[in-house]
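Let me begin by presenting the structure, written as structure tokens, before commenting on it.
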Amino acid sequence: MKIRDLLSEARTGSLQDDVAQAMPAAYTFPQLQNTDPYSQYRFGLAVAAARRQNDPDPYGIEAKEEFAPTTAWGENLVVVTYEEEDTETLKLAAKMMGVSKKQISSTKSQETADVGKTSPIKPVKK
């Protein structure tokens, strides 16, 4: 037996012939790295959404929006600030690091239009 028969790790791009024959249709995605959980997560969502985007819904419900490969959250650090001083601190820290920031939400927190702000129960007079 020769060393090349024992060591097959040096081969790239495919499996050993006997292993490849024993496995059903296995695929690799070179652009989706094993060390990048976010891209794996988004691909999982794409797998879940693929048929929905391309086939009519059996219940006649249309998809509200197209699938996006990334989101505003992405793999990027997200920091939420509550005070103007916090925002100024982030600005200074970003300058020190030589990075930019992009605001993805409104400056002040507000309830969405579908949130009930009043109680459905009438108050009892004492």
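Please treat every number below as a calculation from the coordinates, not as lab data. Everything numeric here is computed off the predicted structure, so don't read it as measured data. Cβ: placed from backbone, ideal geometry, glycine included. Neighbour counts: every protein chain shown.
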Formal net charge of residues neighbouring Ala46 (Cβ-Cβ distance under 12 Å; K, R +1; D, E -1): +2
Using +1 at the C-beta of Lys and Arg and -1 at the C-beta of Asp and Glu, which of Pro69, Ser39, Gln21 has the Cα lying farthest in the positive direction of the dipole of segment 15-97? Gln21
For segment 15-97, convex hull of alpha carbons as volume per residue, Å³: 174 Å³
Within segment 40-126, report the chymotrypsin sites (Phe, Trp or Tyr not before Pro) that DSSP leaves as loop and that have at most 10 other Cβ atoms within 10 Å. Tyr59, Trp73, Tyr82
Counting only backbone N atoms under 19 Å from a point 7 Å out along Cα-to-Cβ of Gln53, the residues of segment 20-35 in range are 28-33
In segment 16-101, the trypsin sites (Lys or Arg not before Pro) that sit in a DSSP loop and have at most 11 other Cβ atoms within 10 Å of their own Cβ are Lys64
